[in-house]
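Right, one structure below, let's go through it.
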Amino acid sequence: MWHLLKNGLQRLLPQPCLLCGQTNSRSLCGECERSLPRLDQHRWRCAQCSIPLASDAPLCGHCVRQPPAFSQCCIPYEYSHPLDFLIHQFKYRRQLSSGKQLAQLLLQHCQQATRPDFVVPVPMHWRKRWQRGFNQSELLAYPVAHGLKLPVVNALQRRQHGHSQKGLSRRERQGNLRRAFEITPKYRPLLKGAHVALIDDVVTTTATARCLSELLIKAGAARVDVWALARTPDH
């Protein structure tokens, strides 16, 4: 009851927009939401990893040369201003209100996606989770799963801390991820023949998505899709 009352009050009471600060009934005003850099503004995108393309082609060169284990990506935005500000505030400034809004944006987009059996958040090593205070992929996964009436299954775990992926090339990221992840043993039977949606905040080089989707497929998953908020353009 208190949860419903709280949500009702949040809808009725004025609150500042997370981007422009103007008071309105939503945490992101309509004008600022329309200013977010949508991926569909690009005429051509890779059908598998969603990266914007310079010409009309079904797949990008990387997906042609090294096909990923995941089937497709469901990603609404490009990782650029002002979306990158909201993600930074969420991940590094612990602004959970931004995280809540980002989850709603992802939910809106994923409602049109092929329905999976369950969602799996990208895991975080316990040490990094302790430092940050939360796993941003989990905080995105639960509201999205709740809105779609899907279970969240923590079928993956990170066993090695490793180095940050930020600023690394595709080759460096892939090397950094080797042997870093594993299937959570108790969920292995659940993966047999399952359609899985892997949830993350940003897809940069697809190194993490490739590594984890390959693990899931090898464990018996029939299909893996990647759901994320943003895709970093290929520079």
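What follows draws every value from the coordinates through simple rules; no lab data is involved. All of these numbers come straight from a predicted model, not from anything done at the bench. Positions of Cβ are generated from backbone atoms using ideal geometry, with glycine treated the same way; all protein chains shown enter the neighbour counts.
Brief remarks follow.
- Computed FRET value (nearest 0.05) for Arg34 with Gln131, which takes r as the C-beta separation and R₀ as 35 Å: 0.50
- Between the beta carbons of His146 and Val64, assuming R0 = 45 Å, the FRET efficiency works out to 0.75 to the nearest 0.05.
- Taking amide H atoms as placed 1.01 Å from N in the peptide plane, the amide H of Cys74 lies under 5 Å from those of Val226, Trp227, Ala228, each 5 or more residues away in sequence or on another chain.
- 3J(HN,Hα) couplings calculated from phi for segment 146-157 with the Karplus curve 6.51 cos²θ - 1.76 cosθ + 1.60 (θ = phi - 60°) are, in sequence order, 4, x, 9, 6, 10, x, 9, 10, 7, 7, 10, 9 Hz; Gly and Pro show x.
- Dimensions (Å) - the chain, Cα atoms, principal axes, largest first: 50, 45, 33
- If only the Cβ of Lys and Arg carry +1 and only the Cβ of Asp and Glu carry -1, the dipole of the chain around its Cα centre is close to 800 debye.
- The simple Förster model, with R0 at 41 Å and r as the Cβ-Cβ distance, assigns Lys100 and Asp234 a FRET efficiency of 0.85.
- Crossing angle, helix 83-92 versus the chain [Cα axis fit, 0-90 degrees, rounded to tens]: 80 degrees
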